[in-house]
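The values are calculated or read from the model by the stated rules, or taken from the named source; none is laboratory data. On a predicted model such as this, the values are computed, not experimentally measured, just so you know. Cβ atoms come from the backbone with ideal geometry, glycine included; neighbour counts cover every protein chain shown. What goes into the accessible areas is simple: the full protein's heavy atoms, side chains included, and nothing from ligands, DNA or RNA. Shrake-Rupley method; radii C 1.70, N 1.55, O 1.52, S 1.80 Å.
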Amino acid sequence: MKAQVFRGVNQLSYEEVPVPNLAPEEVLVQVRVVGLCQSDIKKIRYPLYEPPRIFGHETAGTIAAVGSHVKGWKVGDRVAVMHHIPCMRCAYCLNDNFSMCDVYKNISTTAGFNPSGGGFAEYVKVPGHIVENGGLIPIPDHISFEEASFVEPTNCCLKAVKKAQIAPGQTVLITGAGPIGLMFIMLVQYFGARAIATDLLPSRIEKAMEIGAEAAFDARDPDLARKVQELTGGMGADVALLAVPSDKAFFQALNCTRKGGKILFFAEFPDEVEIPINPNILYRREIDLIGSYSSSYRLQSLAADIVFSRRINVQALISDRYPLENLHQAVEQAIAPTAETYKILIYP
């Protein structure tokens, strides 16, 4: 089969690799579409993992083979694939910190080499632990593979919304109106809150308004904090979601967030970035700083329902489609987006 193999920093090799062999409890999925995620781009561009690996984890496809011990699944079933499932027994899982679980981190779907997602290939193998514990989600007949590929990123964003305790009537500032920021706008609306977005690109500011933001501003606007206060009766935003890894965005969020509000870090910052802050600002204003990484097992069914019931319009987020052979071009476009670049999907 064909796959895009990570051979080193910024080195993707489109090559022939063996179709993974199945153990009795495993399932083989033919990949129909896989989303290009910022975490994939980070893994390709920086020396974080030893090559060779095959990345890609926002996967939807068709079951091509099942192991002899697999029950409840058959060849031809359409599925969205979760590339991690926690153990549900460790101290982290018992505290709902599923993404900190060692099993969650270390057991993953694979197309060969060290398991790393494997969606950037024609076929991906799903380990028995994931098969047996809810990692395959059946796709309803009326839902396309494209839509189903959004179940995993929807779960990640939904986890952040839940951690921030976003509630009806609140106002949420979303820094960055790329594909993740736009999804946040949709989810914030779905939960009855108002969204205010910022971005550097005029087209993304306009897109944010199109999909339901109450207001959207240039992130360089020196009057941003005043404008947010005007929209919130002088209070400021209840919650700020950082969808871009920018220290400037953080300080903007701090200026725009009300006393007693929350700031959630969703985008991963480069390791060398440090943000100096006077702790008395947090103390006196009672600002909560929160981090949200990856998905939550507990929200898996809700994420699937939101996508499959079309409670948010994920199709509005898709801007580009590339064949797997041209993954490197897709990565370059995501790094330097055009005015109309949002979510990029990859097709083996």
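Structure values in brief
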quantity: Residue list for region 52-72, restricted to those being surrounded by 16 or more Cβ atoms within 10 Å (Cβ to Cβ) and assigned to a loop (DSSP other than H, G, I, E, B); calculated: 52, 54, 55, 56, 57, 67, 70
quantity: Region 109-137: number of residues that are closer than 13 Å to residue 4 by Cβ and in contact with a Ser or Thr (Cβ under 7 Å, 6 or more places away or on another chain); calculated: 5
quantity: Unmet criterion (only one of (1) under 18 Å from residue 38 (Cβ atoms); (2) open to solvent by 40 Å² or more (accessible area, probe 1.4 Å)) for residue 281; calculated: (1)
quantity: Residue check, residue 296 crowded, with 17+ Cβ neighbours inside 10 Å and closer than 30 Å to residue 89 by Cα; calculated: yes
quantity: Matching residues, region 187-199, being on the phi < 0 side of the Ramachandran plot and out of contact with any helix residue (DSSP H, G or I) (no Cβ under 8 Å at 6 or more places or on another chain); calculated: 189, 193
quantity: Every residue from region 278-335 that is aromatic (Phe, Trp, Tyr), in a helix (DSSP H, G or I) and in contact with an Asp or Glu (Cβ under 9 Å, 6 or more places away or on another chain); calculated: 297, 308
quantity: Residue in region 320-336 that is among the small types (Gly, Ala, Ser) and farther than 15 Å from residue 37 by Cα present; calculated: no
quantity: Options 173, 182; residue that is within 21 Å of residue 224 (Cα to Cα), in contact (Cβ under 8 Å) with a residue 60 or more places away in the chain, touching a Phe, Trp or Tyr at 6+ places or on another chain (Cβ under 7 Å) and of a type in the set (A, V, I, L, M, F, W, C); calculated: 182
quantity: Single residue of 75, 33, 29 found to be open to solvent by 60 Å² or more (accessible area, probe 1.4 Å) and in contact (Cβ under 8 Å) with a residue 12 or more places away in the chain; calculated: 75
quantity: Total residues in region 218-244, condition assigned to a strand (DSSP E or B) and surrounded by fewer than 19 Cβ atoms within 10 Å (Cβ to Cβ); calculated: 1
quantity: Helices (runs of 4 or more DSSP H) wholly inside region 106-174 that include at least 2 residues being of a type outside the set (Gly, Ala, Ser), in the same structural domain as residue 325 (by the TED database) and surrounded by fewer than 21 Cβ atoms within 10 Å (Cβ to Cβ); calculated: 128-132
quantity: Region 11-47: number of residues that are assigned to a helix (DSSP H, G or I), of a type in the set (A, V, I, L, M, F, W, C) and touching a Phe, Trp or Tyr at 6+ places or on another chain (Cβ under 7 Å); calculated: 1
